[in-house]
1. For B:His667, B:His662, which order do you get if you count the other beta carbons within 10 Å of each Cβ and list the fewest first?
2. Can you list the aspartates and glutamates whose alpha carbon is less than 14 Å from that of B:Lys582, not counting same-chain residues fewer than 8 positions off?
3. Once both labels are modelled 7 Å past Cα along the beta-carbon direction, what's the B:Ala354-B:Phe838 spacing in nm?
4. Distance from a point 7 Å along Cα→Cβ of B:Arg612 to each backbone N in the stretch B:662-683: keep the residues under 18 Å and list them by number.
5. Can you find, among B:Leu296, B:Ser568, B:Leu586, the residue sitting farthest towards the positive end of the charge dipole of the protein assembly as shown, where Lys and Arg contribute +1 and Asp and Glu -1 at Cβ?
6. Quick check: convex hull over the Cα atoms of the protein assembly as shown, volume per residue in Å³, rounded to an integer?
7. Excluding residues fewer than 8 places away in the same chain, name every one of the lysines whose C-alpha is closer than 27 Å to that of A:Lys91.
8. In deg cm²/dmol and to the nearest 500, what is the mean residue ellipticity at 222 nm of chain B if only DSSP H runs of at least 4 residues count, each as -39500 (n - 2.57), divided by the residue total?
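We did not get these values from a lab; they are worked out from the coordinates using the rules stated. Keep in mind it's a predicted model, so treat the numbers as computed, not measured. Cβ: placed from backbone, ideal geometry, glycine included. Neighbour counts: every protein chain shown.
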Amino acid sequence: MRILSRSEEIILATVWKLQDEAYGVAINQYINNKTGLNWKFGSIYTPLGRLVEKGLLHTIQGEPSPERGGRRKMYFQLTRAGKQALIDVQKVHSAIWEDMPSLKMG
Amino acid sequence: MTQLNRKRKSPPRLAEWIIKRMSWAEDRDDILDNLREEYKTLFIKQGKVFARCWYWGHTLRSSLPFFVSDFKWRFIMLKNYLKIAVRSFKKHKGYSLINIAGLSIGIACSILVMLYVFNEISYDKFHEKANRIYRVAVSADIADMDWRQVYTPAILSPTLVNDFPEVENVTKLYNMRDQLITYKNHTFQDNKTLAAEPSFFDIFTFPMISGDPVTALQSPNSVVITQSIASKYFGLEDPVNKIIQIGENEFKVTGIAKDVTFNSHFDFNFLVALETFEWSKSTRWFNNSFATYIILNEGFDYKKLQEKLPAFVTKHLYDDNEDHNRWEYFLQPLTSIHLNSNLKGEFKANGSAAYVYIFSAIAFFVLIIACINFMNLTTAKSAKRAKEVGLRKVVGSVKSQLVRQFLSESIFLSFAALLFAILLVECFLPYFRNLIGEQLKLNYFENSYVLPGLIGLALLVGIVSGSYPAFYLSSFKPVSVLKGQLQEGMKDSNLRNGLVMFQFMISIILIISTIIVYNQMQYIQNKELGFDKEHVVVIKNTDLLGNNTEAFKEALTSYPAILNVSGSYTLPGRIFNNWGIKPEGLPGTTIDFCVCDENFLNTLKMEMVEGRFFSKDYQTDAQAIILNEETVEQFGWDKPIGKTFEMRRTTLTVIGVIKNFHYKSLHEKVFRMGLLPLRGVQNLSERYISARIRPDNIPSVIDKIKETWVSFSPQIPLDYSFLDDDYDRLYKHEQQVSKITSIFSFLAIFIASLGLFGLASFIAEQRTKEIGIRKVLGASVPGIIQMLSKKFLLLIFLANIIAWPSALFLMTKWLNNFAYKTSIGLSIFLFSGFLALFIAFISVGYQSMKAARANPVDSLRYE
């Protein structure tokens, strides 16, 4: 069973958190606000594309808007497989970090 | 939101464009939209500068690694292409060498011709103010001819400055031609002496090594010499302030100038002050002896000044409304003189714009032939690369990548050819220099245009020659190619055949031209000139002998090896002065004339038609004149002997008519000419003594002449030449053209046959199986040779058909430059056609024969 990579996990988690508001800008801003990570454009959009290809995400077209020259906004949503992947990675995470000795710098 | 507002809130266009080019953003409009949204938010929150920085920052961070890896991969692919190219080269050494050889020769030709062209174009551009300098020249109707000359009067320059405020400065130059220079009892000859004014250094840029350009030519009897003259005749001594004698006057050296570079339309070793000579202050408007140069104010259009000149002429040259023939002054931009001027009285022979075009065209065509070769050979070879192409396509190459691969191959080959070409150029540059007669040097590093130019040339050649094969090769369909099916168009191609025909057509035109030019040269050399120029020694500057000239001539005649001696002011092949005359009963006109002694006729072996030549027996000969046939014909005189006319207010009587002789080059028709005696109406001295000598043991005769000369004039060195050489120099240009066209046509046909050779061998290879089968079925070797060669020979035949009329047209135009020309016979065309056919046959025949004699067993073995 293949576990999600770090960035994949972060992105999927963000999408899940943002629910219906999950599109490029929102994802980027959420990650930035929550973690302080300032990722390059490519680091967001390339994984997004890959995740869609892998079937962990699917895209939903929003309403066309004049600001975008009449184009539609693209929203992302988790698929079943995506949800499962998150659950798996969560399991693995808690399992590993269960009996960890303290990580304080001393 | 208004349109204006919107615009300002959008991200920098260039950055968006960069992002679009990345693979993750290629078809994702929404990404750009998202980014635009973020940008807008930032713009509002933190201002324009912050937003832009943020956008650019992200663009660069994302794009840089992308592009870097992109280049890295492209570079790796390039290395792969190079490897394949080298392998392909090694595998087909012969054909690759043919390709490179053809391209190298083509590139080398282009380089040499470009050197020549840049040299010609660069004349006179080294002056700082070159684009404001103009020469004032004369165009007039003299005796129904359009007479154009450099010679203008002394008073022209000061008057121009007075009348026209836009004329910033003027200067005039006088050509003193051959002079005898003496320094400290050492006498030598120099033919590059000019007389100039102080404004000379103001207008022209001739840097001085010592001395002050402003004052050097101010006082009379000063002279500026050039560096090489200084070191040659003064050695380590400082020449400044020393006294030297030039001609009859003494001059003090007031400065040393750098040597004049070769690309100047005039040249000097000595520059004497015009102030020295009283005649330079003449105010007569029709004493034309000077070259006048003006410099106009910055930005002034010279054509505007030229429009004012006719009024200027009327004002100064003629009393009001006096009737006169057309006399005009016109302006020549300095930089246009060398290629376009060709007036009477030029300091140095000009170049010719026409020849610049001709040579460029020839080199261009040779290069085209080489490129066509390359195209043909590569596409013909494509059978061998077909499998490679098919495989590459199967593994995922896109057509554009394949095009890139084959293009880079041809570019590599082109650069290899460039290296060879440079080698060739270095080898042959000395010969080329001799041919052109100019100092040409290829400075790879000095001139900032050379290296990029060469690289650009190789690139251009590579792309041009490689484009057709590249597209052709990359269009192969993988399935059919891997199956081993022959692509349609690989065996025989109309385009390819057409290209071969074009190559040979150009070669044939070049061959025909070469033959015709050569014929014309021979014609010129051998034409009956009306005098015999062979074996005549011309001794120059004999006017310096003064009263001893007669004695000198006597002394020379005493030698048996010297058959005849004669003195004259000028000679055929040199300039004949032109003067106005009034024949009896006819309107005033002009004739060319030469002053000579009574031996002139016999020494030059000319013929009289009627009457007698000058003779010492007749005292009245001082007022006699001998006309040539042309003059008498034009005057319509049946009985010319005894007719009179006026020249310089003296009445002259015609005592004889001489047969027309070509005293000018065969470019021009024979003009009205008359011979005048010494000490006659034109009191000119005998500047030249011609001696007809026995053809055997010439060096000893020359020695005897030298001895005699020294005994008469010990201080002055003997200056002599041969009349036939002097006369031939009139055709320097044509001789160059003759040599160059022969060399280029040789090269053209060489390259074309190289191409044909390679092509034929491939076709033969292609058809090995077919030949094997035919042989098995009973075809004979000659039959097969015929079959293989038929197509090519037909092409050559067709090439002839197009070439002949084109060559005829071109050559007729060129021959019209001559008043006397050779005829263009059918035999020339037939000869060229057969020559081309013969060469083609050898190239094709060898391959055909090899193929025809192959053992069918070998060819059919792997069927």
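1. Placing the least packed residue first, the sequence is B:His667, B:His662.
2. Hits, sequence-local ones excluded: B:Asp592, B:Glu646.
3. So the two model labels end up 3.2 nm from each other.
4. Under 18 Å, as judged by backbone N against the label point of B:Arg612, lie B:675-678 of the stretch B:662-683.
5. Working it through, the farthest residue towards the positive pole turns out to be B:Leu296.
6. 321 Å³
7. Result set, ordered by chain and number: A:Lys17, A:Lys34, A:Lys54, A:Lys83, A:Lys104.
8. Helix-only estimate at 222 nm: -17000 deg cm²/dmol.
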